[in-house]
1. Residue 222 to residue 61: FRET efficiency via 1/(1 + (r/R0)^6), r the Cβ-Cβ distance, R0 35 Å, to the nearest 0.05?
2. Where the only charges are on Cβ atoms (+1 Lys, Arg; -1 Asp, Glu), what is the dipole of the chain about its Cα centre, to the nearest 20 debye?
3. Taking a quarter of the surface of the convex hull around the Cα atoms of the chain, what do you get in nm²?
4. Using a 10 Å cut-off on Cβ atoms, rank the peptides 16-24, 160-168 from the highest mean neighbour count down.
5. Once neighbouring chains are kept in place and the probe is 1.4 Å, which whole percent of the accessible area of the chain is contributed by carbon and sulfur?
6. Order these peptides, 88-100, 32-44, by their mean beta-carbon neighbour count within 10 angstrom, highest first.
7. Check each of the GluC sites (Glu not before Pro) in segment 144-227 and keep only those in coil by DSSP with at most 15 other C-beta atoms within 10 angstrom; list them in order.
8. State, as an integer percentage, the relative contact order of segment 74-210 based on alpha-carbon contacts under 8 Å between residues 6 or more apart.
Amino acid sequence: MKHISVLTGAGISAESGVKTFRDHDGLWEGHDVMRVATPQGFEQNPKLVLDFYNQRRKQLKSVLPNQAHKPLVDLEKQYKVDIITQNVDDLHERAGSSSITHLHGELMKARSVKDEALIYDWTEDILPGHVNEEEHQLRPHVVWFGEAVPMMDKAIDIIKKTDIIIIIGTSMQVYPAAGLIDFAPEHTPIYFVDPDPSISESNSTNIIAEKATTGVEKVVKKLLDLS
Ligand code: APR
């Protein structure tokens, strides 16, 4: 069975109603990244940071996977499919994808500020004073700017073995995630779905300059016909 790696960013969740980061009216237009998405910001004002993620977690409960998440599940009928997502939402899980690697963590999980291995399913607000069994404060299980990306090695192992790459809804501006495709075998076919693509067409890169809900359907249909 051929192997497909799907690298997704905020754009795949845009049509579910989840804000992207760098588009017009994106999340980083309304919030200072340094204050809400860095360890320093958390140190300075933990309540501000916890509230920022509490709002996003609350909002996530009111949205659903869209017509871009779902066809990726259909692909699993004829391919081994690994989703590698920069998103912290749980829309790929709720759509039914079976292999998902979250490079930047998960909004519906919390972790100890002292031991990043202590991770807990957490769907409610995280408040100052919410501690784990070791009496350590909890924080969102999300990778902040300047922090390590523990799942990167796993993602590199996946991409090294891939036959086909689909990239959906990412500006390819944040490393190390954006550098992942450099680990793919040479000449691996890439399908890049984004209405405002940040990479150019090449002999192995097919640009589908469309929204995810139409572009992904087209790519999946082509790949299912091929197999
Ligand atoms: N369908 C597909 N792509 C879309 C859509 C859509 N409907 N709407 C917007 N996009 C594209 C934009 O053109 C852009 O290329 O989604 C991309 C969103 O880019 P960013 O906002 O930079 O999001 P992303 O690439 O996921 O950011 C990477 O940066 O802030 C950090 O940790 C955060 O995981 C995030 C990382």
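The values are calculated or read from the model by the stated rules, or taken from the named source; none is laboratory data. Since the model is a prediction, treat every value here as computed from it, not as a measurement. Don't worry about glycine lacking a Cβ; one is built from the backbone with ideal geometry, like all the others, and counts go over all protein chains shown. SASA here: full protein model, heavy atoms, side chains in, ligands and nucleic acids out. Shrake-Rupley method; radii C 1.70, N 1.55, O 1.52, S 1.80 Å.
1. Numbers: r = 34 Å, r/R0 = 0.98.
E between residue 222 and residue 61, to the nearest 0.05, is 0.55.
2. Numbers: 24 positive and 34 negative charges, 85 e Å.
Around 420 debye, computed over the chain.
3. Details: hull surface 48.1 nm².
Averaged projected area of the chain's Cα convex hull equals 12.0 nm².
4. On the way: 16-24: 16.0, 160-168: 20.6.
Peptide ranking by packing, descending: 160-168, 16-24.
5. Details: 5840 of 11100 Å².
The nonpolar share, carbon plus sulfur, comes to 53 percent.
6. Numbers: 88-100: 19.0, 32-44: 15.6.
Sorting 88-100, 32-44 by mean packing, highest first, produces 88-100, 32-44.
7. Details: sites: 147, 186, 201, 210, 217; in loops: 147, 186, 201, 210.
Those satisfying the criteria are 147, 186, 201.
8. Numbers: 201 pairs, mean separation 22.2, N = 137.
Over segment 74-210, the number comes to 16 percent.
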